Every structure is written in structure tokens, then in C-alpha cells.
Amino acid sequence: MKSSSGIAVHLDGLTKRFGSLVALNNFSLDIAPAELVALLGPSGCGKTTALRILGGLDVPTEGRIVVGGQEISHISANKRNMGMVFQAYSLFPSMTAEENVAYGLRVRGVNTAKRASRAKELLELVGLSTHAKHLPNQLSGGQQQRVALARALAIEPSVLLLDEPLSALDAKVRTQLRDEIKRIQREVGTTTLFVTHDQEEAMAIADRVGVMSAGNLEQCAPPADVYLNPINVKVAKFVGAMNALPGILTSATTADVLGQSIRVRGESPNGSKEVRILIRPEQLGLHLAAEASEHTATITGHSFLGPLTRITARLNRDQTNLFVALPSAQAMNFPIAASVAVVITADHALIEG
């Protein structure tokens, strides 16, 4: 498969209103050539609206769309040369896998020999070369979605749009196909926008993750930055689990949390020195405590998750519940009802607004 150099996408100030509802609010995003950006957020946050506007399926109320240096805001969807894959596979039931993949080329008037060659090439790319003559009802859900991906790529699109393409699949198949999409996208080099509500999926597949909330793009950055350095409380709480621990501000940038001083950012919501500090479960450690104190906690439960165990505990200070993620072998040292000291390993944290 010949790799593409990709094409740049520039979305500038996109707003979409449906009556009084603002589905997208001054949304701007640059996608570099060959980059895969995932838009992540709950239902109704505007991520699919952004994708549909880029694909020409919806018209923005305001804003511009520039692809490869050309403004396409008023160009119809069928002239944008974009490949689309949705949650529903939308394969033609009476066509074989090979015929489904070649369909877009047939519509474009490509001759039979070239269509067959391209379909064969794409089916090999998605690992379905031996299923070329199978009808959709002879394929599993994961295989059907691979065919849909091959069909979208067959036309050599400028941009690939993937809207919750894995949501209908079971967990194991979803993980396998997620990894395949990432491999294929890197091999082909097509600039890609991927929409999902699944945090793990977005983190695993994307070069950058854009976290959305109520029509706004809160942060767009590499997955590790979004997780470890969330720009605000909305992002911090949506991406991964968070503990909200009691703390006392000792300066504008430091707080005492469970007897430990850590750097913080953000402002107290009411100007009080007593605040809540956001800490991820894996940024906490435990030690058995000889006696209970205001900085210790009591173990209340375990959730075995394979290599990790999620421990729940209750702070003696104010009965706050907290979660600690530990290697399962280490977690066995902390039985139910044990008194423990909580150690914060984070070097900085957010103040809960």
C-alpha cells in the first residue's frame, strides 16, 4: 500500500445552532497532514456535529472549513472527497465484500480492472483478502466494519472521518479493530478525525485528543498531556477517575493535603483556604498505619482488575471516600478495615472549581 503524505485540515470558528440550541460553539481545530485526532466527549457535546460539518453532512451557522488550503465550506458532501465510517456498517447486503469496497470507485467511473485491483489491495490491508466473495451476512460485526473501512479508503480520500465506528462491537473485537485502525491509518497516511465517547479508545488511537463539553473544545493535546496535565477541571474529571481530597491552601501555588505539601493550580471557588484537590487513583500510595489519625484512612473495599486492584478507603478526617490503584500483588497487603496512611505521589494537582 502506497503511503499518502496527508492533507491539512483547518476548522475555523465553527458554530452550529439548532434553534436556541448551540450544538457547536466557536469550534476551531487544526489537523496536521496524516495526523489522527480523536474528539472525545459525552453524548450531546458537539463532537459528531463537528465531524458532520467537516464531511458536508451539516452546514455550519458560522465559520470556515479549509482542507489542503482550499475553503470547502459551501462545497457539497459528494464533492469533498472524504471517506466516512459510521457505527452502523451500512454495507450493501446483496454485494460481496469486494463489491462493497469497490462501490465508490464504480460511482466515480473507474474501470473494472482498476476497481478489482484496488479492492483486492484494500481487503489485504484490512486482513480480509480471503473473504472477498462473502456477503455481509456471512461476516462478523468486526469483519463488516473492516470492509466499511476498506470501502472508505478505496477512493483515496483527502480526509477519513470515523464516527463511533467501534461502538457496536464487543470489547475484545473493539480493542483489536482499534489497533488495526491505528496501524492502517499510519500506513496509509490519511488525515483522520475520529469521534468517540470512550476514553480508553481515544487515548489508545489518537495522536491528539480533543476533549469536548457543551459544544466547546476544552483541550486538544497528545493523550499523555490530556491525562497528566488537564487544562481545567472539566477535562480532569472526564478523562479518567479523580479523587477530590480535602486540602488547605498555604500559598497561591501550594496546598497541604493529608499532611503533605504539593503544588497546585487553579483558584479557590469561594476564596476560602479550604479547598478540594483533584488527585488520580494511581497518584496515591498506601502504608499500614499503627494508629488512626486525621490523615489516615480505613480500607472499605477492593475491586480486582487483573494487574491492578482498585482499593476504596474512607478518610478519618471527614469521611471522604477515595480510590487508590495499586498492583494487585501489593494490594493484598491492605485488608478490609485496615488503617492506612495515604501518600500522594503527584508533584502537582488541580484545585476543584
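FYI, it's all coordinate maths here, none of it is from the lab. Bear in mind the structure is a predicted one, so any value in this text is a computation, not a measurement. Cβ coordinates were reconstructed from backbone atoms using ideal geometry, including for glycine residues, and neighbour counts include every protein chain displayed.
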*Quick one: which strands (runs of 3 or more DSSP E) sit completely within the range 1-54 and have at least 3 residues that are touching a Ser or Thr at 6+ places or on another chain (Cβ under 6 Å) and surrounded by fewer than 21 Cβ atoms within 10 Å (Cβ to Cβ)?*
9-18
*Check the range 154-174 and report whether any residue there is within 21 Å of residue 82 (Cα to Cα) and part of a helix (DSSP H, G or I).*
yes
*Looking at this structure, is residue 265 closer than 30 Å to residue 39 by Cβ, under 26 Å from the mean Cα position of the chain (by Cα) and free of Cβ contacts under 8 Å to residues at least 40 places away in the same chain?*
no
